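The values are calculated or read from the model by the stated rules, or taken from the named source; none is laboratory data. Since the structure is predicted, the reported quantities are computational estimates derived from the model, not experimental observations. Quick reminder, even Gly has a Cβ in these numbers, built from the backbone with ideal geometry, and neighbours come from all protein chains shown. What goes into the accessible areas is simple: the full protein's heavy atoms, side chains included, and nothing from ligands, DNA or RNA. Shrake-Rupley method; radii C 1.70, N 1.55, O 1.52, S 1.80 Å.
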Amino acid sequence: MRALLTMLKNQGFWYKLYARRIYLLGFVGLVVAGGYVGVLLFGDHSLSVLMRNIAQRDELIKEVNSLQDENASLQKSLFELKGLEP
């Protein structure tokens, strides 16, 4: 191990890289974590897509309810025209 350190000291750049490997690994980990959060927020299966799908679901539920009310009134009119009690 001492021979490795002596050799790295003679090489300058590699010694600095080896001496600061914890900081380098931390930086790489931070970049990876940042990329993952970016994908979660802005990717194909992201938070914005989830919010858009929730809004679309709410609109569809309102449309279904209005169509059900319209269907009920049309059935009532149909039964009245046929002379049946609703």
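Scanning the stretch 5-48 for residues that are assigned to a helix (DSSP H, G or I) and among the small types (Gly, Ala, Ser) returns 19, 26, 29, 33, 34, 35, 38, 48.
In the set 43, 83, only one residue is open to solvent by less than 100 Å² (accessible area, probe 1.4 Å), within 27 Å of the chain's Cα centre (by Cα) and of a type outside the set (D, E, K, R); that residue is 43.
Applying the set (1) at pLDDT 90 or above; (2) open to solvent by 100 Å² or more (accessible area, probe 1.4 Å) to residue 71 leaves exactly one unmet item: (2). The requirement of being at pLDDT below 90 and either part of a helix (DSSP H, G or I) or touching a His at 6+ places or on another chain (Cβ under 6 Å) (or both) is not satisfied by residue 64. Pairing each residue of the stretch 2-19 that is charged (D, E, K, R) with any residue that is open to solvent by 70 Å² or more (accessible area, probe 1.4 Å) and modelled with pLDDT of 70 or more, provided the two are 6+ apart or on different chains, yields C-beta distances under 8 Å for 9/15. Residue check: residue 15 meets all listed conditions (1) open to solvent by 90 Å² or more (accessible area, probe 1.4 Å); (2) in contact with a Lys or Arg (Cβ under 8 Å, 6 or more places away or on another chain) but one, namely (1).
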